[in-house]
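Quick notes on the structure that follows.
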Amino acid sequence: MSLIEFSAGAPLAQRNLSLPKVTMPALGEMKRQGKPISALTAYDYATARLVDEAGIDVILVGDSLAMVVLGHENTLSVTVDEMLHHTRAVRRGVRRALVVADMPFGSYHGAVGEGVANAVRFVKEAGAEAVKIEGPRVELVRALVEAEVPVVGHLGLTPQSVHRMGGYRVQARSIDAVLQLQADAFALATAGAGAIVLEGIPREVASAITAALPIPTIGIGAGPDCDGQILVFHDLVNLTFAPAAKFVRRYGDASALFRSAVERYREDVEHHAFPSDAESYHLPASARRLFSIDPDAAGARDDPDAVVNPDAREEMSEEANQA
Ligand code: KIV
């Protein structure tokens, strides 16, 4: 019998409170129970809080940060320090979801020991509960598990391989490539990976791997048959300034929302319509009385002591504290 029961369909506010903390073993349990795993990226405190409070199971601090937050052309240039900085911010906003940190390009591509040392930093210095690495790095996965760092693998279209792949292309379209991908997925699972992201592969391939693999698959551009789905937060809410890929569904239009809010603010400032009197602080009544009997008050604004005597100031601060 399972130790963890995941309720489904509860109202949002209750969901987050009633559901247990998501852990890597819990993801395996969800697969066994046939409960879909929801995952999203987040890169800062505010969005991480929103995503967590909406009941999303896994929050990935993805290296897509490089593109959607930092404005780089691809994911390759983001550094360990930048990823640590954002992982810490996300960590502070999350109570329930599993926080996974993406290991950036170059931080695990050399000696296994160096990869482990960098992964440990994400756990120790930023509070990540797992790291994600791209490609079939079986020896590294084994070493990370040995070092008590839970690992999420990432196969198929791996964006850190953009130059080798010659662009962001759908992978595993030939029989040989499919067989290789299946072998890689099994090797990662056997080495101890807790879950695998499958990106940019045909639905049929993701479906077959998901059915056969003992650990959960989390798909992005891999069809609906994976154990879970992940999207980039900025894709979900239309904050990418680019046409959406085929696999993206826009669930909101934050660009339109933010643009209109900012434009209305600018117009109000330009028309002296912001702030209003109600949005301004006011002197307490005693000080206002003083202002009205002091004919020099308006001209003495630069020197508060010239307008308000010490007794009145004491009275003012008491009133201000009560206001
Ligand atoms: O960096 C990222 O956002 C990712 C997801 C797309 C899986 O790796």
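The values are calculated or read from the model by the stated rules, or taken from the named source; none is laboratory data. Just so you know, these numbers come straight off a predicted model, no measurement behind them. Neighbour counts are summed over all protein chains in view; Cβ atoms, including those assigned to glycine, are modelled from backbone coordinates with ideal geometry.
Of note:
- Test: residue in the range 148-163 that is in contact with a Ser or Thr (Cβ under 9 Å, 6 or more places away or on another chain), of a type in the set (S, T, N, Q) and within 16 Å of the ligand (Cβ to nearest atom): yes
- Qualifying residues in the range 38-63 (those that are in a loop (DSSP other than H, G, I, E, B) and in contact with an Asp or Glu (Cβ under 9 Å, 6 or more places away or on another chain)) - the one farthest from the ligand (Cβ to nearest atom): ALA42
- Any hit, the range 241-257, residues being more than 28 Å from LEU50 (Cα to Cα) and modelled with pLDDT of 95 or more: no
- Residue within the range 104-124 that is buried (at least 19 other Cβ atoms within 10 Å of the Cβ), under 17 Å from the mean Cα position of the chain (by Cα), not aromatic (Phe, Trp, Tyr) and not in a helix (DSSP H, G or I) present: yes
- Selection of first residues in the range 135-155 that are farther than 21 Å from VAL99 by Cβ and of second residues that are within 14 Å of the ligand (Cβ to nearest atom) and modelled with pLDDT under 95, restricted to Cβ pairs under 8 Å at least 6 apart or on distinct chains, gives an empty result.
- Every residue from the range 88-123 that is closer than 22 Å to LYS21 by Cβ, without any contact (Cβ under 8 Å) to a residue 40 or more places away in the chain and β-branched (Val, Ile, Thr): VAL120, VAL123
- Qualifying residue in the range 256-278 (condition: over 30 Å from LEU181 (Cα atoms), more than 16 Å from the ligand (Cβ to nearest atom) and β-branched (Val, Ile, Thr)): yes
- With respect to the conditions (1) touching a Phe, Trp or Tyr at 6+ places or on another chain (Cβ under 9 Å); (2) modelled with pLDDT under 95, PHE233 falls short on a single one, namely (2).
- Annotation: of all residues in the range 218-254 being closer than 15 Å to MET30 by Cα and in contact (Cβ under 8 Å) with a residue 24 or more places away in the chain, the one that is surrounded by the fewest Cβ atoms within 10 Å (Cβ to Cβ) is GLN229.
- Residue match in the range 154-163 (condition: touching a Lys or Arg at 6+ places or on another chain (Cβ under 6 Å), modelled with pLDDT of 95 or more, under 19 Å from VAL138 (Cβ atoms) and surrounded by 16 or more Cβ atoms within 10 Å (Cβ to Cβ)): yes
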